Each structure stands twice: as structure tokens, then as C-alpha cells.
Amino acid sequence: MGFRFRLASFIVATLIGVQALTAVLVYEVTRHELIGEGQRQLAVAAGAFARQLDDISERVASSVQVLSLDYALRAAIAQRDEATLLSALHNHGRRVGATQMLVLDVDGRVEADTGGVYPDRTRFPYTDLVGRALDKPAAAVVASRGHAYWMVVVPVFAPDLVGFIAAAIPVDDARLAQLQQQSSLPRSVELASLTPMGWRVLARGRDSIPLAQHLAARRHALPRSPQLTVVAGREYVAQAVWLNRSRQSAPVVAVLGYSVDEALSPYRRVGVAWAGLLSLGLLVGVVGAWLIARGVSRPVEQLAASARRIEAGDYRAPPALPRRDEIGALSTAFATMAQSIREREAHILFQAGHDPVTELPNRVAASAAIQRELATGGGRSAAMLLVGFGRLPEIARTMGHAICDRLMQDATRRLRGPAGDVLLARATDAEFLLFLPSASKSDAVAAGFRIVEALAEPYRETELTLDLAPVVGIAMAPAHGSEAGELLRHAGVALLVALRSEDPVAIYEPATDPHRPERLSLMGDLRVAVEQGRIEMFYQPKLNLATGRIDAAEALVRWQHPTLGRIAPDDFIGLAEETGNIRRLTRWALSTGIAQASRWRDPAIRVSINISARDLGDAGLPRRVSELLSAHSVPAGRIALEVTESAIMHRPDAAIAVLDQLAALGIDIAIDDFGVGQSSFAYLRRLPVRELKIDKAFVAQLAGDRQDRTIVRSIVDLGHRLGCRVTAEGVEDAESLAYLASLGCDHAQGYQIAHALPVSDFNRLLGEPPGRRWA
């Protein structure tokens, strides 16, 4: 639906809604007032009806009492003259409207009955009325034989009490209609009596609505106060009035009903007239609403068309509307808004693609521009140069970011010279980016040195002089990547290399990239290999130089990758430590090494297993080792755990605590690569060490290097004085082996003795005679 139609519909709907709400409110208010009026009228009518019945009862009682004074009647009663009694009773009953006249003896037994209902000497059923009649004439409404009667009882004296006269006057439909004509009773009047089957209607006035039965069915009790109810689809206000009755008679009530619908009927003509006026008003309102909507919608539609142009990027101001009303003001505001949006979008676009400090393109904008250049370059060689500053982090921590911002602004001015017309951008807070299209590697290196030279001059500010230490990392396209993000990542790797080296310019080398994707893939493969048992344990023999026998072995993990072949331990051990898989790998190595020690029945074979710095932070390691020893029935003395000096120094207190627990189990602790770490004698004397392993850096040239001999001799002497065994690693020639034996070194291991061997080859080596293979 269009705006015009919606506006017209809204106005018309509002008009209809207001009129309808007014009609409903007027109707509900009128109805509520009429119901209240009906309740008041019923309350008045109930009291009037009761008083009217009392008045009629008194008049009938007076008439019957006059009969009791008749001399002939009293004589007939005294003489028991039934014929005379019946004649007198018939005559007087017609005068008072009674359908039944009775003469009762002093005991309340029937002497004569004009209706022939009660046989002679039958006890009168309403004895309480007989008792009350001694004081004054007694009258009550009773229910008898499905009808209602006024039952009046008066005494007869001659001069003493000789009996009673009772008159039964019917209270039927005609009587109720007569009462309605004589008073302000409502149209709906019913007399009802309670029977074992429920309330039964005894008489009904001019209206035939069954109020008593309906109320009794809904409420299980007739209301003593005015209540609203619906009978046959019509609303009534109804009330029950309990009439004076004999205790021997069923209860008799008068149910009065006030018709709300009849009271509302005069107002319906007003409603019809109102509906006609409403229809006429709606017709006029529809025409007026359509004209108003048309006058409002046309300029709004023009503004909507202008908004669609702005949405499409056309920020031209909409045509001015020659109006001075609110629509004209809206048009003027719309034109101002379009101009503001145009300026603001230009500013936002500039901010989104530029660095706020240097106003150079930022990393996102530069990457998009480089990607477009690479896509259109046809595979030509190009270079990405990433410029960093070695001292900038220290300057930021010391001097704050404000001076860093000024420093980067100065660096921008210096870089514009070497950059020329090529893309210059700010890649990060501390790095600049230059992209040299159609540049060779030599061009890129020359440009890198020009940049270093331009930035080599210290930055000066008042009395402050700061050396920036500029470096440049270079990545070449397409050799190092064909995507902007890939080139940027590789240039960042080269920049890190330059920061760590003395050469300020470095080119990306894929072979030395520690962050290459295949290395990340290798981390996942290692986890799977450990979980699925795709790694192996090899054992490198350790020669006892005193006996010439192999009495120990170092357990070394080997990994045969399904696609990459054999992976060197140095490549994946460090990887496991970085990824957190080293503990899983250590658990596998401990389980495998201890299980193999149990298979070697020779108690002389002792197995050394390497653990890492992460393992020394695991407080549960001693418990797991103890459980493995018990599970495989291996004495603790046949297992040695090797740790490096650097692993201990990582967290010395925690490491010493774990090593003390392991040593308490009887496990030997060996320090691997001794001599090249960073441990101090203060920590060394606290360690439960049983073995020192001389690093192979001091053993490899032992045969011809005097300084290495001196160092090795000192370590052997130190180890023995500390009560430790000494093992030399990396023994690769017989001369070194002989020299170590002459020093009293305890064990040697290396290629001169044997490489790391599978279990089967190691077992064959154990069977060879002492000294035959490595002498």
C-alpha cells in the first residue's frame, strides 16, 4: 500500500475508531446506569411486594374474623351443625375470594371443609398457624397441591374458644397480574416453591420468562439481592423475596425480574439516528482524508525518490519545494542532510583507508591496492618492503605514544624521498609498507638500503635524540606469494630476521620460516601420531668405559611421517613443546621405555628417558612413573630420567620439588647437555643428580682440541667429586673414546659406539663380545 492510501486509511480508521469507541462507551454507560436503576427498582419493588402481601393478608384476616363473630356460625360450630357450617363457609368464602374454607376444633382437627380436601377429624396440616391465631389472626403463604395460597386462621369464641376458621385464598397468575396493575411491580414476577426436585413455579405474572428455574440452575440458590443474569438471550436484573410461610409448608419465594433489554429499547432509535450521522460523517471524512493524503504524499514521494538516489550514491540535493509548511521545511532539511552525508561519507572513507597519524593508506587499503596490482601485473616480479624500527617498542614504553606518533610522522616525511611515486602505507603502529611493482630482487635490496640510509639519521626533538634502528624485510612476488596477505606475512618474517641479525635488510627465506603453514599442519599430525601410536622408540647404547660392555641405553623417539618421511627429533620435539603435546609424548615415552626395560631381563641394562621443562611443572609426574614401574614390575634403579639445565632453570623451585620426588622413588636423575646451559652451582648442589652428561659440543673435537680436553677433564673431575657418574655424548672417533677412558669417564655414547637402534638391532648388539665393535 502506498503512503497516500495508508494516510487516508489511517484518518478514516481513526474517525471510525473514535466514533465506535464513543458509541461503545455511551452504550456501556447507559446500560450500566439502567442496570443500576433496575437494581434500585427491584429493591423498592421487593419491599413493596412484601408489604402489599401483608396488607392483603390483614384484610382477608379481618374479613374472616368478621365471619367468626357471626352468631349463627358460632352456634353451628357449638352444635356441630355441619350443613349450616358449610353453607355459611361457602357464602363467606365467595365474598373474600377463598377457594377453600375450613372449621377446626380447639385441637386443630378439621370439622368442615368446603373444598373436600381434608376428611373430618383430620389434623389441620399448618398447626403453627393455629397456635399463632390464639393471639391474633394468623396468615401465611403456603404451597399446596402445586399452587400458592394465603392461608388465614382466626379463632372463634362463644364466649370461650370453640374452634378456628381457616380460609385458603389462591395466589395465582390472575392475582399476580392484579397486583402488578395495582402497584409498581415489574413485568416479570413468579412465585416458586422448593420441592425435592428443585424449585417449582406456582404462579407467574404477565411475563412468562422462567426466572426462578434459570437462576436456581445457575446458582443453586436464589439471590436475595438484585443480580444480573441472562435468560433466553435477554438480560435481567433478578431478586428473590422470601414470603411469610408456615413452618409446615415448603418455602415460597417471589422472584422479581427487571428487563434490561426493555429498558434499553427507547435508546435504540437514538442509536439508529447516530449510525446514520456516523455514515454521513465517514463519507465526508473519506473524501477529506483522500484529499489531505494526496496533498501530503506527493512531496513525500518526491523526497523518497531523492532518498533512493542517495542510497545509490547520488548525493545531489533534491529539488526545492515551493512550500512554507512542514513539508517545505522537511525538503530543506533533506537537502542539508544530503550535503552532510556526502561530506561525512568522504571523511569516513578517508579514515577507513588511511592512518590518522601519518595520513598514509592503512594496511587494509594498501592490501586491496596491492592485490589489484598483482592481479593486473601478469605475473611480473614485484617486491614488498616492510620497514620496522628496532628501538620503537623501547621508546614507546619509555617516552609514551605521543612522541612515537611524532616520530612516525617524521619517518613518513623521510620515506617519501626513497619511495617516490610507489605505494607507501602504514602497515601497523610500528611498521611501514612499500610496494615496488616490476622490481627485481636486486632492486628491492637497493631500495631497502636507501630506506635504511634515509632513516638512519636520529630523530631530534628539543634536547631529545632518538636512534630508530631501522630494518627492512623483503618479500618477492610471485616467488614468495601471489596474494597481498601472503606477501605481507612473509615480509614480516623477514623483518623479524633483520631485527635479530646485524644486517638491516633481509629477504624472506622459506626454508627458515618457523611460521610456514606446513609447520602448523605438522603440529596436528604429531598429535594424531601420538594418539594412534605412529611413533617409534629407538635406543642408543651407552658404553661402560670401565668394563667395555653396554649396560645402559637412552630411549629416543623417532617419527616416520606417512608423507614427509622421517622427521628429525629436533624438528618435532620443539613443536610438541610449543603445542602442549609434549606431556602426551612424554607419557608415551615413559610407558614405552619402562615396558621395554621389563622385557630386558638383564638387570644391568638401565634405560634413560628424556623429560622436558613442561613435564617438570607437572606435579603428577612422580605418581604416574611409580604406577608404570609397578605395572611392569621394573625396579626404579633401572630407570634414569634426563633433563636439561635450561629445563630446570625455567622454574627451578617447582622442578626441584618434582625431581626430589622422583629421586625418592629410587630413579636416577641425569643432567643432559651439561656445560652449555645456564644453571648455577647454587641450584646444582640442591638437585638430586646422579649423572652428568657432557654436551657433545665439547666432545666432538676432543681428539685435537686442547681447550675441549681441559673442559672435559674438569667436568669429569667435578662430577666424580659430586658423587655423580659422568657420560660423554657425541663420541665419534676412537681417539676421543680412548681419551675419555683415560680420564676415568664412566660412560660414552655416540656414533663411534652405535646409532640409535630399533629394539631388534639393540638386542643383537648386546650379544656381541665386549669391546669388539667400538675398539
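The values are calculated or read from the model by the stated rules, or taken from the named source; none is laboratory data. Note that the structure is predicted; figures quoted are calculated from it, not measured. Don't worry about glycine lacking a Cβ; one is built from the backbone with ideal geometry, like all the others, and counts go over all protein chains shown. Surface accessibility is based on the protein's heavy atoms, side chains included, excluding ligands, DNA and RNA. Shrake-Rupley method; radii C 1.70, N 1.55, O 1.52, S 1.80 Å.
Summary of values
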quantity	calculated
Residue within region 254-264 that is aromatic (Phe, Trp, Tyr) and within 30 Å of Ala13 (Cα to Cα) present	no
All positions within region 164-184 that are open to solvent by less than 20 Å² (accessible area, probe 1.4 Å) and under 29 Å from Glu37 (Cβ atoms)	Val171, Leu176, Leu179, Gln180
Which numbered condition Asn362 misses (of (1) over 19 Å from Val471 (Cβ atoms); (2) surrounded by fewer than 16 Cβ atoms within 10 Å (Cβ to Cβ); (3) under 45 Å from the mean Cα position of the chain (by Cα))	(2)
Failed item in (1) in contact with a Ser or Thr (Cβ under 7 Å, 6 or more places away or on another chain); (2) in a loop (DSSP other than H, G, I, E, B), with Leu202 passing the rest	(2)
When residues of region 28-48 are limited to those that are open to solvent by 50 Å² or more (accessible area, probe 1.4 Å) and under 14 Å from Val255 (Cα atoms), the one farthest from the chain's Cα centre (by Cα)	Val44
Residues (open to solvent by 10 Å² or more (accessible area, probe 1.4 Å) and closer than 13 Å to Ala168 by Cα) located in region 101-117	Asp113, Thr114, Gly115, Gly116, Val117
Every pair of residues 6+ apart whose Cβ atoms lie under 6 Å, when the first sits in region 185-211 and is surrounded by 24 or more Cβ atoms within 10 Å (Cβ to Cβ) while the second is of a type in the set (Ser, Thr, Tyr) and at pLDDT 80 or above	Leu202/Ser193; Leu211/Ser188
Leading residue by the ranking (nearest to Leu67 (Cα to Cα)) among those in region 177-193 that are hydroxyl-bearing (Ser, Thr, Tyr) and assigned to a loop (DSSP other than H, G, I, E, B)	Ser183
Residue under evaluation Ala640, criteria (1) open to solvent by less than 40 Å² (accessible area, probe 1.4 Å); (2) out of contact with any Asp or Glu (no Cβ under 9 Å at 6 or more places or on another chain); (3) modelled with pLDDT of 90 or more; (4) not in a loop (DSSP other than H, G, I, E, B), criterion not met	(2)
Test: Leu73 is touching a Gly at 6+ places or on another chain (Cβ under 7 Å) and open to solvent by less than 20 Å² (accessible area, probe 1.4 Å)	no
Residue list for region 470-489, filter: crowded, with 18+ Cβ neighbours inside 10 Å and touching a residue at least 60 places away in the same chain (Cβ under 8 Å)	Pro470, Val471, Val472, Gly473, Ile474, Ala475, Met476, Ala477, Ala484, Leu487, Leu488
Any chance Ile341 is under 40 Å from the mean Cα position of the chain (by Cα), open to solvent by less than 90 Å² (accessible area, probe 1.4 Å), free of Cβ contacts under 8 Å to residues at least 40 places away in the same chain and more than 30 Å from Arg460 (Cβ to Cβ)	yes
Single match in Arg614, Arg606 (criterion: within 45 Å of the chain's Cα centre (by Cα) and open to solvent by 20 Å² or more (accessible area, probe 1.4 Å))	Arg614
Every pair of residues 6+ apart whose Cβ atoms lie under 9 Å, when the first sits in region 435-463 and is among the hydroxyl-bearing types (Ser, Thr, Tyr) while the second is open to solvent by 40 Å² or more (accessible area, probe 1.4 Å)	Ser438/Arg380; Ser438/Ser381; Ser440/Ser381; Tyr459/Arg406; Tyr459/Thr465; Tyr459/Asp467
Out of Ala216, Ala174, Ala212, sole residue that is out of contact with any helix residue (DSSP H, G or I) (no Cβ under 9 Å at 6 or more places or on another chain), outside any strand (DSSP E or B) and at pLDDT 80 or above	Ala174
Positions within region 144-163 being more than 15 Å from Leu67 (Cα to Cα) and buried (at least 23 other Cβ atoms within 10 Å of the Cβ), in sequence order	Ala148, Tyr149, Trp150, Met151
Count of region 241-283 residues which are in contact (Cβ under 8 Å) with a residue 60 or more places away in the chain and loosely packed, with under 11 Cβ neighbours inside 10 Å	1
Enumeration of residues in region 425-434 that are free of Cβ contacts under 8 Å to residues at least 60 places away in the same chain and of a type in the set (Gly, Ala, Ser)	Ala430
Matching option when the condition is under 54 Å from the mean Cα position of the chain (by Cα), over 30 Å from Val130 (Cα atoms) and at pLDDT below 70, among Ala317, Ala232, Ala304	Ala317
Criterion violated by Ala756 - all others in (1) surrounded by fewer than 16 Cβ atoms within 10 Å (Cβ to Cβ); (2) out of contact with any Gly (no Cβ under 7 Å at 6 or more places or on another chain); (3) at pLDDT 90 or above; (4) closer than 24 Å to Ala555 by Cβ satisfied	(1)
Residue identified as open to solvent by 40 Å² or more (accessible area, probe 1.4 Å), in contact (Cβ under 8 Å) with a residue 12 or more places away in the chain and closer than 28 Å to Asp653 by Cβ among Arg584, Arg623, Arg558	Arg584
Filtered residues of region 569-615 (kept if of a type in the set (A, V, I, L, M, F, W, C) and farther than 22 Å from Arg764 by Cα)	Phe572, Ile573, Leu575, Ala576, Ile582, Leu585, Trp588, Ala589, Leu590, Ile611, Ala613
Test: residue in region 580-603 that is closer than 17 Å to Gly719 by Cβ, among the small types (Gly, Ala, Ser) and touching a strand residue (DSSP E or B) at 6+ places or on another chain (Cβ under 7 Å)	no
Candidates Glu461, Glu453, filtered to the one that is of a type outside the set (S, T, N, Q), at negative phi and open to solvent by 60 Å² or more (accessible area, probe 1.4 Å)	Glu453
